[in-house]
Amino acid sequence: MSQLESIHISSRPTIADTIQLRNIQLQLPTAPDPWHRPGKPQPCSASVRLSYASSVSAADADDVSQTIDYGKLFRRIVKELESVDQAKLGTCIIATDGTPLQDRLLGQTVEDTRLAAATIAMCSLQSLEETAGASSPAVRGDYGEFEVRLQLPKAILRANRGLLYSSNFALGTMQSKVADVTERRLVLLRETFEIRGVQCYCILGINPWERVEKQAVDISLSFEGHGLQEWSSTVVDTYQELVRHVAERVESSSFQSVEALATFIARIVTVEFGNNEVTVLVEKPSALSFVDGSGLEITRSRNFFQ
């Protein structure tokens, strides 16, 4: 960001509408294969929400040509994901501090979940700009917010409900230091990674019968923070090994309280794998006969253990 003076994001207008595409079914190498096979496609369910400043003319005229065409957006997303323009995306999508996407991507960039989400967000921006640039524009082109969610149900062998990645973008403008030039960028504001349904078996509880048999324990891990920061690269680089390590350590351990188990897991995730913070959810699906699951959720940082 050495040649940029500032990044400005437009505030949400009084009237803002949202279109969405929910659960687009894709088969792409959007994340590392759990069996470590390079470039192997895997199922991915993608959803996107595009919020824009509406002139309400489409409703007044009852005319679909005066709004964003979500059918065209769907086709654009499918086409662009077939051949991702990594070089363009790497510079057009930035963090709030100006860090470009390309500085955070994995070596095998085609298998970085963040790249697929960025592609979908860029397609949404292109649809917004196309509609706003029409001869009789029905929407404004100076505001846009984009939420992308990717669900990869088979990305992690030990996680029954897979990996969920969420990202929130906003249309921003940057002012150059060396010239009176304004450039448009997509700003990645927030990211969330959720690893859901890691099932382990261990001794857990204080009742006599709970000390005899190992019981199922359902573990979920959540990571959240500002977009395109070092923490997200740490998660992407390590989550498969992290899950395997957590599962093996839990199954070789014994605890009387869920609190001790959750803290044990949080220590592994933060101290041993270098994550800044994690939210750990531990549930016991067999603890109560007429309850699907009883458990505890905690959030711990690496500083907590130091």
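Using R₀ = 22 Å, calculate the FRET efficiency as 1/(1 + (r/R₀)^6) where r is the Cβ-Cβ separation of GLU82 and ARG49; round to 0.05.
Numbers: r = 23 Å, r/R0 = 1.03.
Calculated value: 0.45.
In percent, what relative contact order does the range 1-123 have, based on Cα pairs under 8 Å that are 6 or more apart in sequence?
On the way: 140 pairs, mean separation 32.6, N = 123.
Normalised by residue count, the contact order of the range 1-123 is 26 percent.
Counting heavy atoms of the protein chains only and a 1.4 Å probe, report the per residue accessible area for the chain as a whole number of Å². Write out the running numbers ahead of the final one.
Values: 15210 Å² over 306 residues.
Heavy-atom SASA per residue in the chain reads 50 Å².
Over all directions, the average projected area of the alpha-carbon convex hull for the range 195-304 comes to how many nm²? Walk me through the numbers before you get to the answer.
Values: hull surface 27.4 nm².
With every direction weighted equally, the projected area is 6.8 nm².
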Mean separation of Cα contacts under 8 Å, 6 or more apart, over the residue count of the chain: relative contact order %: 16 percent
Pairwise label distance in nanometres, VAL56 with THR18, each label 7 Å out on the Cα-Cβ vector: 2.0 nm
Proximal lysines relative to LYS40, as straight alpha-carbon distance under 28 Å, when same-chain residues fewer than 8 apart are discounted: LYS72, LYS79, LYS88, LYS154
Estimated distance in nm for a label pair at VAL181 and SER65, the labels positioned 7 Å out from Cα along Cα-to-Cβ: 3.7 nm
Distribution of pairwise C-alpha distances over the range 7-193, 5 Å bins, in %: 1, 8, 16, 19, 19, 15, 10, 6, 4, 1, 0
Three semi-axes of the equivalent ellipsoid, the range 138-216, Cα gyration tensor, whole Å, largest first: 49, 13, 11
Cα centroid of the range 258-283 to Cα centroid of the range 57-125, whole Å: 33 Å
Interchain or long-range residues, amide H under 5 Å from ASN160's placed H: VAL198, GLN199
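Could you order the peptides 148-158, 27-37, 202-212 from most to least packed, using the average number of other C-beta atoms within 10 Å per residue?
On the way: 148-158: 20.4, 27-37: 16.7, 202-212: 13.2.
Top to bottom by mean Cβ count within 10 Å: 148-158, 27-37, 202-212.
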Under the span-like rule (Cα at least 24 Å along the axis, Kyte-Doolittle mean at least 0.0), DSSP H helices of the chain: 113-132
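As an exercise, use a Förster radius of 41 Å and the Cβ-Cβ distance of ASN303 and ARG75 to find the FRET efficiency, rounded to the nearest 0.05. Write out the running numbers ahead of the final one.
Numbers: r = 47 Å, r/R0 = 1.15.
Step by step, r from the Cβ atoms, then E = 0.30.
The values are calculated or read from the model by the stated rules, or taken from the named source; none is laboratory data. Just so you know, these numbers come straight off a predicted model, no measurement behind them. Cβ coordinates were reconstructed from backbone atoms using ideal geometry, including for glycine residues, and neighbour counts include every protein chain displayed. Protein only, heavy atoms only, side chains kept; ligands, DNA and RNA dropped before computing areas. Shrake-Rupley method; radii C 1.70, N 1.55, O 1.52, S 1.80 Å.
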